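Student: Can you keep this structure in mind? I'll have questions shortly.
Rule-based calculations on the coordinates, nothing more; no lab input. Only a predicted model underlies this, so the values are computations on that prediction, with no experimental measurement involved. All Cβ positions, glycine included, derive from the backbone under ideal geometry; neighbour counts span all protein chains shown.
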Amino acid sequence: MLVNFMQACCIEYIIVESDNLSTLFPNAHISVGGIEVNAHILFAIVTAVALLPTVWLRDLRILSYVSGTSFIFSLFPFLLQTNVIYQLLNT
């Protein structure tokens with residue numbers, strides 16, 4: 001029962017992220033071997049590839065490190081943005 005719930009959550013996450021990213025980047029597409037992959041499918045594949053390592057874990061305590069790492073990486077855009085604003089104000 002719990003496994004089915006976890007699978008449903010992962011599928012829902014992939015769908016939501018694919019929709020959001022394809023809305024932000026509507027012109028994203030790739031052509032591989034004559035097959036055209038549009039933005040929705042491209043971002044669904046990217047999200048699934050990013051999500052897969054977290055569902056392969058045998059010891060779920062490692063997820064706290066994954067969460068902590070993602071928090072640190074989410075700070076980079078904020079720091080870059082504040083640095084750009086700081087440089088614009090001091091010129």
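Student: Can you name the helices of the chain, as whole DSSP H runs, whose Cα span along the helix axis is 30 Å or more and whose Kyte-Doolittle mean is not below 0.0?
Tutor: Membrane-span-like by this criterion, though nothing is claimed about a membrane: 2-24, 63-89.
Student: With no solvent and one equal point scatterer placed on each C-alpha of segment 1-56, evaluate the Debye formula and give log10 I(q)/I(0) for q = 0.12 Å⁻¹, two decimals.
Tutor: -0.32
Student: Which order do Ser22, Ser67 fall in if you start with the one that has the fewest other Cβ atoms within 10 Å?
Tutor: So the ranking, lowest neighbour count to highest, is Ser67, Ser22.
Student: Moving on to the next point. Relative contact order for the chain: what percent, with Cα pairs under 8 Å and sequence separation of 6 or more?
Tutor: So the answer I get is 20 percent.
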